[in-house]
Amino acid sequence: MRPTKWEQLDARVKRLEKQNRWLKVSSLSSFLIFACMLTMGGAKVGSTVEAQRFVLRSERGEVRAELTTISGDYPLLTLQSPNGQKEVEVSPAGLSVSDHGLSDKLPLAHYGDNGLYFTDARGYTVLELGGAGIKSPQATAVPEIAIFDKKGSRIWQAP
């Protein structure tokens with residue numbers, strides 16, 4: 001039996017409605033993709049990242065490095081060993097190397113504005129290289145070498 005004109009027309013309308021649905025969906029998808037591309041392409045890529053503190057963590061979440069400020073004014077970079085015992089601090093005040101397994105009082109070595117200092121496991125200075133005799137910023141640096149005893153008293157100095 002041959003379909004009537006109404007049946008043919010009904011089948012054709014259903015086919016056109018199905019095509020129209022797919023056309024609407026594809027048009028909407030294309031528009032959304034185009035809009036996303038326009039907004040992403042127009043976004044400014046900044047070359048500056050600002051923060052008050054940066055923390056670098058290991059895969060296990062342990063702090064390995066930190067970049068922050070001292071009292072909000074001077075930058076401080078701190079680097080830590082995997083066991084957390086050895087630590088290096090870099091700031092405008094100087095460079096310090098600490099071993100918390102030995103002593104938590106003072107760094108093992110510190111290089112600052114007026115010299116290089118080495119301490120023992122108790123935190124006492126044992127060797128000083130530098131110009132500790134500077135009294136004012138206008139004064140000329142006086143280079144010196146000093147060796148200290150176990151109590152922290154100066155036992156030898158040159159000049």
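Tell me the label-point distance for the pair Ala35, Arg64, using the 7 Å Cα-to-Cβ offset, in nm and rounded to one decimal.
A separation of 4.3 nm, rounded to one decimal place.
Which of the listed residues, Pro75, Val90, Ser58, is farthest toward the dipole's positive end in region 50-92, when Lys, Arg count +1 and Asp, Glu count -1 at the beta-carbon?
Looking along the dipole axis, the top candidate is Ser58.
Would you please calculate the Kirkwood hydrodynamic radius of region 50-92 over all C-alpha pairs and express it in Å, rounded to one decimal?
When all Cα pairs of region 50-92 are included, the Kirkwood radius is 10.9 Å.
Please list log₁₀ I(q)/I(0) at q = 0.18, 0.21 Å⁻¹ for region 1-55, using the Debye equation with identical point scatterers on the alpha-carbon positions.
Those come out to -0.78, -0.86, one per q.
On average over all directions, what projected area in square nanometres does region 11-93 have, based on the convex hull of its Cα atoms?
Result: 10.9 nm².
Under a crude label model (7 Å from the Cα following the beta-carbon direction), how far is Glu87 from Val49 in nanometres?
Going from the Glu87 label point to the Val49 one covers 2.4 nm.
I need the calculated FRET efficiency for the pair Glu144 and Arg122, taking r as the beta carbon distance and R₀ as 22 Å, to the nearest 0.05.
So the FRET efficiency works out to roughly 0.45.
Any read-out appearing in this document is the output of simple, stated calculations on the displayed coordinates, not a laboratory observation. Because the structure is predicted, anything quoted here is derived from the model rather than measured. Note: ideal-geometry Cβ built from the backbone for every residue, glycine included; neighbour counts use all protein chains shown.
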